[in-house]
Amino acid sequence: MSTIKKVNLLGLTRSKMEQFFADMGEKPFRAKQVMQWIHQYGVSDFDQMTNISKVLRTKLADIAEIRVPEVTYHDISSDGTRKWVMQMEGGSSIETVLIPDGNRGTLCVSSQIGCALDCSFCSTGKQGFNRNLSAAEIIGQVWVAVKSFEDIDPEKERPVTNVVMMGMGEPLLNFDNVIDAMDLMMDDFAYSISKRRLTLSTAGVVPAIKKLTGLTDASIAISLHAPNDELRNELVPINQKYPISELLEAVQDYLGSLSDKRKATIEYTLIEGVNDQLELAHQLVELLKDLPCKINLIPFNPFPQSDYKKPSGNAVHRFQDVLVAGGYVTTIRSTRGDDIDAACGQLVGKVTDRTRRSEKYIPLKQHSG
Ligand code: SAH
């Protein structure tokens, strides 16, 4: 028995898959065939790949595998939102959420187990950080979501039309794996998600935003949450390293590098009495005036270890009115799936914290099932 670790084909981009087959002395078109089996037909067993010879299938099974995430919990909310808890190697788990909305299905994908950034209003941050997810573990979340709709006709219905990298973790601190996984999401031999419908969300890792240029052309969202450095330093501590002006400049440059006209999404979680004052909405109007962007307001979703409060519906609308009057397309994110703890900032998984940060907090309620 060989003890060599098998290559997990699930996470290989087209070019890496082609290289893999070239190394085996096989033709590059094998890559496309195998990718379609894995990502489009949901196959994780080489023996089901009927357009590949028995000999090659045996050879593949010797050196490679298709290892998909293990789903330990799955729930469907009364509004149709689905949530999966997936256990990763090492025992920690992550969460993935699918939000259906008419013809659209938006999958919220995690990039890390926990998060190192510790934004003051985010429950993932309170869990501490364990490790980066591999490209296979990231794309595996899409695989699981699509596979759960096996009974529908893919020609007629697509359960996942949009992907947002807004689950657990900071995607730009897991750069290479996130880029590979996004590459697969957009690949026509995998999930064919359009670049406009794939959004990378970041708290503002400026050097990594600069590095994106030329590597991807996905859409970008910035978790801003405050219109000035003083307040943002408190809410999003990474701002102390990369202040707002540098962040917006990097975003501007990224948008400029794209071949089409695209807007960034500015995310703003509204917390009562902390960042929901109308004066801040006016500051935001001024701050963003040179950036092609739309604004998404997210009413704060409470979680057990936080004292922050959700603003009233009226307060949210008043804040929105100022931004709309300032000329910005401004949407309010509706809270979906909160009966199954699937809303923004409620994704906690089960993280074995390496930072010991979580010890300072009272434990969260555990998932059953
Ligand atoms: N680290 C990346 C990806 C995580 S996205 C980023 O910061 O963009 C998670 C989104 O959920 C962020 O925009 C954040 O604003 C939002 N969020 C986090 N905690 C929240 C909470 N308790 N209530 C509402 N939104 C929250």
- prompt: If amide H atoms are built 1.01 Å from N in the plane of the peptide, which residues on other chains or at least 5 residues away come under 5 Å of the amide H of residue 266?
  reply: 222, 294, 295, 296
statement: Here the range 54-68 yields Karplus 3J(HN,Hα) values (6.51, -1.76, 1.60; θ = phi - 60°; whole Hz; Gly and Pro given as x) of 4, 4, 5, 4, 5, 4, 4, 4, 6, 10, 9, 8, 10, 9, 9
query: Mind checking the dipole of the range 1-154: about its Cα centre, +1 per Lys or Arg Cβ, -1 per Asp or Glu Cβ, Debye to the nearest 20?
result: 500 debye
field: Sites residue 329 and residue 51, calculated FRET efficiency, Cβ-Cβ separation with R0 45 Å, nearest 0.05
entry: 0.45
field: Rounded to whole Hz, the Karplus (6.51, -1.76, 1.60) HN-Hα couplings of the range 94-100, x for glycine and proline
entry: 10, 10, 9, 10, 10, 10, x
message: I'd like the orientation of helix 313-325 relative to the chain: the angle between its Cα long axis and the longest Cα principal axis, in ° from 0 to 90, rounded to 10.
response: 90 degrees
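Which of the chymotrypsin sites (Phe, Trp or Tyr not before Pro) across the range 1-49 are loop residues per DSSP, with 16 or fewer other Cβ within 10 Å?
Details: sites: 20, 21, 29, 37, 41, 46; in loops: 41.
Answer in residue order: 41.
Stretch residue 233-residue 72 to full length: gain in nm at 0.36 nm per residue minus the Cα-Cα span?
Values: separation 161, 0.36 × 161 = 57.96 nm, distance 3.68 nm.
My answer for the length gained is 54.3 nm.
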statement: Residue by residue through the range 129-143, the couplings from Karplus 6.51 cos²θ - 1.76 cosθ + 1.60 with θ = phi - 60°, in Hz, x for Gly and Pro, are 10, 10, 6, 6, 7, 6, 4, 5, 6, 6, 5, x, 5, 5, 4
query: Amide H to amide H under 5 Å from residue 129: which residues, 5+ apart in sequence or cross-chain, H placed 1.01 Å off N in plane?
result: 115, 354, 355, 356, 357
- request: Compare the Cα positions of 4, 81, 245 along the charge dipole of the chain (+1 at Cβ of Lys, Arg; -1 at Cβ of Asp, Glu; about the Cα centre) and return the one farthest towards the positive end.
  value: 4
- prompt: Tell me, what are the semi-axes, in whole angstrom and largest first, of the equivalent ellipsoid of the range 141-300 as set by the roots of 5 times the Cα gyration tensor eigenvalues?
  reply: 30, 18, 14
statement: Per the C-alpha gyration tensor (a ≥ b ≥ c, the square roots of its eigenvalues), the range 7-65 is rounded if a/c is under 1.5, else prolate if a/b beats b/c, else oblate; here it's rounded
message: In the chain, once you exclude exposed GluC sites (Glu not before Pro) (DSSP loop, at most 10 other Cβ within 10 angstrom), what's the longest stretch remaining?
response: 156-369
field: Helix 278-287 vs. the chain, principal-axis angle (Cα, 0 to 90°, nearest 10)
entry: 60 degrees
field: Point-charge dipole on Cβ atoms (K/R +1, D/E -1) for the range 70-366, about Cα centre, debye to 20
entry: 240 debye
query: Could you give the dipole magnitude of the range 7-65 about its Cα centre, charging the beta-carbon of Lys and Arg +1 and that of Asp and Glu -1, in debye to the nearest 20?
result: 220 debye
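Per DSSP H run of at least 4 residues, take -39500 (n - 2.57); add these up for the chain, divide by its residues and hand me the 222 nm value, nearest 500 deg cm²/dmol.
Details: 11 runs with 107 residues, N = 369.
Counting only the DSSP helices, I get -8500 deg cm²/dmol.
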message: Counting C-alpha atoms alone, how compact is the range 99-163: give Rg to one decimal and Dmax as a whole number, in angstrom.
response: 14.8, 43
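Rounded, prolate or oblate: pick one for the range 70-366, where a ≥ b ≥ c are the square roots of the eigenvalues of its C-alpha gyration tensor, a/c under 1.5 means rounded, and failing that, prolate if a/b is larger than b/c, else oblate. Spell out each step's value before the answer.
Numbers: a/c = 1.37, a/b = 1.18, b/c = 1.16.
Taking the square roots of the gyration eigenvalues as a ≥ b ≥ c, the range 70-366 is rounded.
Among all stretches of the chain without exposed trypsin sites (Lys or Arg not before Pro) (DSSP loop, at most 11 other Cβ atoms within 10 Å), which one is longest? Write down the numbers at each step before the final one.
Working: sites that count: 5, 156, 261, 289, 356, 365.
Longest gap between qualifying sites, sites excluded: 6-155.
Taken together, the values in this text are just the output of simple stated rules run on the coordinates, not laboratory data. Everything quoted here is computed from the prediction, not taken from an experiment. Using ideal geometry, Cβ is built from the backbone for each residue, glycine included, and neighbour counts are taken over all protein chains shown.
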